[in-house]
Amino acid sequence: MADLPPLREVIARHGLSASKALGQNFLFDEQLLDRIAAIPGDLSGKAVLEVGPGPGGLTRALLRAGARVTAIEMDTRCLPALEELGEAFPGQLKVIQGDALKMDHAEIMGGEPFAVLSNLPYNVGTALFTRWLGGEEWPPLWTSLTLMFQQEVAQRIVASHGGSAYGRLAVLAQWRARAKLAMKVHRSAFTPPPKVMSAIVHVTPTAMPNGVSARTLERVTEAAFGQRRKMLRQSLKSLPGALEALDSLGIDPQRRAETLSVEEFVSVARALG
Ligand SMILES: C[S@@+](CC[C@H](N)C(=O)[O-])C[C@H]1O[C@@H](n2cnc3c(N)ncnc32)[C@H](O)[C@@H]1O
């Protein structure tokens with residue numbers, strides 16, 4: 001196995017001071033990085049998409065685990081460090097420079113199933129998460145998502161109905177996938193430390209319920225949680241057929257959005273056709 005220099009040395013040698021504009025907070029603890037790389041299970045020989053490798057901390061853990069990694073990084077300053085890493089693991093690492101939000105990931109991965117691992121800035125992470133979990137096509141080409149979020153967002157993704165964390169993100173993440181909180185990561189593990197705690201969410205696709213369109217479900221949750229303090233009879237009023245759907249399903253229109261389970265949202269969307 002390749003003998004790699006410590007990450008701090010790599011960063012110093014390549015002058016990779018963390019850029020605030022690019023949301024850079026680096027992880028240096030290699031044991032922690034190995035534990036993160038182990039979350040999706042055995043990656044040996046598997047295709048992995050890593051978004052935002054930065055200086056390559058998680059990347060080296062993935063390569064050590066035997067994964068074939070395609071990494072998309074926006075910051076050109078990181079490329080020489082990633083190139084060095086690629087040389088230490090011949091044939092295992094492909095680096096693509098650019099904005100992951102503007103790329104077709106399935107195409108980049110050559111149509112082959114892949115696991116996604118990523119530690120991204122909050123806004124980019126949420127945008128990609130919504131994209132990976134949205135759309136009518138299911139199952140997706142990705143086999144799992146292992147993503148770092150600020151802890152509060154991670155809790156919203158895995159939330160059950162009945163609480164204030166439950167909302168559109170939870171329904172999106174749970175109606176045809178299993179989402180669990182895999183690991184909490186203390187802010188002090190990052191350089192520089194962010195203001196808030198982080199957590200890693202692990203998502204795996206499940207079967208898509210029959211007769212439901214992703215777009216319709218999205219419209220229902222958008223309307224319901226858009227006015228989450230209101231009763232459904234008010235918040236869903238603007239959606240044609242929604243109040244009739246509640247009636248036919250025996251769902252009390254005086255309930256509020258956060259009391260509806262994921263399954264109940266799915267049945268409302270199914271009734272709307
Ligand atoms: C929070 S840092 C994490 C770096 C490294 N993975 C780690 O854990 O130490 C996020 C990385 O994502 C990169 N990045 C930010 N926005 C991006 C985008 N839209 N596409 C690709 N990379 C992006 C940043 O340049 C940065 O290297």
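The values are calculated or read from the model by the stated rules, or taken from the named source; none is laboratory data. Here the structure is a predicted model, which is why all the values come from computation and not from measurement. No Cβ is skipped: glycine too gets one built from the backbone with ideal geometry, and neighbour counts run over all protein chains shown.
For E84, indicate whether it is modelled with pLDDT of 95 or more and more than 11 Å from the ligand (Cβ to nearest atom).
It is true that E84 is modelled with pLDDT of 95 or more and more than 11 Å from the ligand (Cβ to nearest atom).
May I ask you to list the residues in the range 87-109 that are away from the ligand (no atom under 14 Å from the Cβ), without any contact (Cβ under 8 Å) to a residue 12 or more places away in the chain and under 21 Å from W132 (Cα atoms)?
E107
Kindly indicate whether I72 is surrounded by 19 or more Cβ atoms within 10 Å (Cβ to Cβ) and either in contact with a strand residue (DSSP E or B) (Cβ under 9 Å, 6 or more places away or on another chain) or not assigned by TED's automatic domain parsing to the domain that holds P121 (or both).
yes
Can you find a residue in the range 10-23 that is assigned by TED's automatic domain parsing to the domain that holds I108, in contact with a Cys (Cβ under 6 Å, 6 or more places away or on another chain), in a loop (DSSP other than H, G, I, E, B) and closer than 29 Å to A179 by Cβ?
No, that holds for no residue.
Does R77 satisfy the condition of being modelled with pLDDT of 95 or more, closer than 26 Å to P193 by Cβ and assigned to a helix (DSSP H, G or I)?
Yes: the conditions hold for R77.
Given (1) among the small types (G, A, S); (2) more than 18 Å from the chain's Cα centre (by Cα); (3) in a loop (DSSP other than H, G, I, E, B), identify the lone condition not met by S188.
Answer for S188: the failing condition is (3).
Give me a count of the residues in the range 24-50 that are of a type in the set (S, T, N, Q), assigned to a loop (DSSP other than H, G, I, E, B) and surrounded by fewer than 18 Cβ atoms within 10 Å (Cβ to Cβ).
Residues that pass the stated criteria total 1.
Confirm whether R77 is assigned by TED's automatic domain parsing to the domain that holds E50, under 27 Å from R219 (Cα atoms), in contact (Cβ under 8 Å) with a residue 24 or more places away in the chain and not aliphatic (A, V, I, L, M).
no
If a residue must be charged (D, E, K, R), assigned to a helix (DSSP H, G or I) and either within 15 Å of the ligand (Cβ to nearest atom) or surrounded by fewer than 17 Cβ atoms within 10 Å (Cβ to Cβ) (or both), how many such residues does the range 125-158 contain?
Final tally of qualifying residues: 2.
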